[in-house]
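I have placed the structure first, in the form of structure tokens, so that the comments after it can refer back to it.
The values are calculated or read from the model by the stated rules, or taken from the named source; none is laboratory data. Just so it is clear, the structure is predicted and the values come from calculations on it, not from any experiment. No Cβ is skipped: glycine too gets one built from the backbone with ideal geometry, and neighbour counts run over all protein chains shown. Side chains are part of the model used for accessible areas, which takes the heavy atoms of the whole protein and leaves out ligands, DNA and RNA. Shrake-Rupley method; radii C 1.70, N 1.55, O 1.52, S 1.80 Å.
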Amino acid sequence: TDSGPPGLHWQVLGGDAGLGLANRTGATVTVQGYEGEPYLRFDPDGSVWENERSPATWLNRSRFGAAVPDSADAAAEPDWRRVAGDGRFDWHDHRAHWMSTSMPVVVTDPDQTMLVQRWIIPLTVDAGGGEVDVTIAGELWWRPSVAWWPPMVGTVSLFAAVIGVAGMLGRRRSAGDTFARPAAV
């Protein structure tokens, strides 16, 4: 999925497991954290940086949130750590997934597809002529799970059929059919 200026590409990864952003704009792109602080910075040279002082850096280390150290402060001057060099980075973002192991309360019928939430992640793009605010946005949907047993029955049936055919071939061979095979030289 694309959003913003040409050369800025993003996608949702693994259903809701993460987000990926690629910056080929020639500008600096900054992903804002949960409190509006600089969280990730994508430089024009392809360097990608994560702000060690952003609470989002620490919260995003786990699907359900992680402990935030005292050194994290959204109002503090950023402390950048390089995390990539090719202009692309994937990260987990709590704004784009369901934050509980229980079913969302908006799902009134688990056998129906339903909208759980809409989400946005704010970015700034700075090409040297001033910052432009951009958002990437998406929707999180509940989809009924597929029963595990139909594919399993199909797999077992296929396996049984292959074993049965192999057994029939084995019996034929022992009944006197000839088969070509490579000879040792």
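Here the condition is being of a type in the set (A, V, I, L, M, F, W, C) and either closer than 23 Å to LEU13 by Cβ or surrounded by 15 or more Cβ atoms within 10 Å (Cβ to Cβ) (or both); of VAL106, VAL132, VAL125, it holds for VAL125 alone. Out of the range 72-99, which residues are of a type in the set (A, V, I, L, M, F, W, C) and in contact (Cβ under 8 Å) with a residue 60 or more places away in the chain? Matches in the range 72-99: PHE89, TRP91, ALA96, TRP98.
Give the residue, chosen from ALA67, ALA76, ALA72, that is over 21 Å from the mean Cα position of the chain (by Cα) and either open to solvent by 50 Å² or more (accessible area, probe 1.4 Å) or modelled with pLDDT of 95 or more (or both). Can you show your working first?
Values: ALA76 fails: either open to solvent by 50 Å² or more (accessible area, probe 1.4 Å) or modelled with pLDDT of 95 or more (or both); ALA72 fails: either open to solvent by 50 Å² or more (accessible area, probe 1.4 Å) or modelled with pLDDT of 95 or more (or both).
When all the criteria are applied, what remains is ALA67.
Going by what's in this entry, would ILE120 be described as at pLDDT below 95 and either farther than 20 Å from PRO6 by Cβ or open to solvent by 60 Å² or more (accessible area, probe 1.4 Å) (or both)? Spelling it out, ILE120 is indeed at pLDDT below 95 and either farther than 20 Å from PRO6 by Cβ or open to solvent by 60 Å² or more (accessible area, probe 1.4 Å) (or both).
How many residues are small (Gly, Ala, Ser) and not in a strand (DSSP E or B) if we restrict to the range 6-22?
Final tally of qualifying residues: 4.
Tallying residues that are open to solvent by 40 Å² or more (accessible area, probe 1.4 Å) and in contact with a Pro (Cβ under 7 Å, 6 or more places away or on another chain) within the range 33-54 yields 4. Could you please let me know if THR25 is out of contact with any Ser or Thr (no Cβ under 8 Å at 6 or more places or on another chain), in a loop (DSSP other than H, G, I, E, B) and of a type in the set (S, T, N, Q)? For THR25, the condition - out of contact with any Ser or Thr (no Cβ under 8 Å at 6 or more places or on another chain), in a loop (DSSP other than H, G, I, E, B) and of a type in the set (S, T, N, Q) - is met. Of all residues in the range 49-70, none that is basic (Lys, Arg) has its Cβ atom under 7 Å from the Cβ atom of a residue that is at pLDDT 75 or above and part of a helix (DSSP H, G or I), 6 or more apart or on another chain.
Considering the range 35-57, the residues that are among the hydroxyl-bearing types (Ser, Thr, Tyr) and outside any loop (DSSP other than H, G, I, E, B) include one that is farthest from LEU123 (Cα to Cα), namely THR57.
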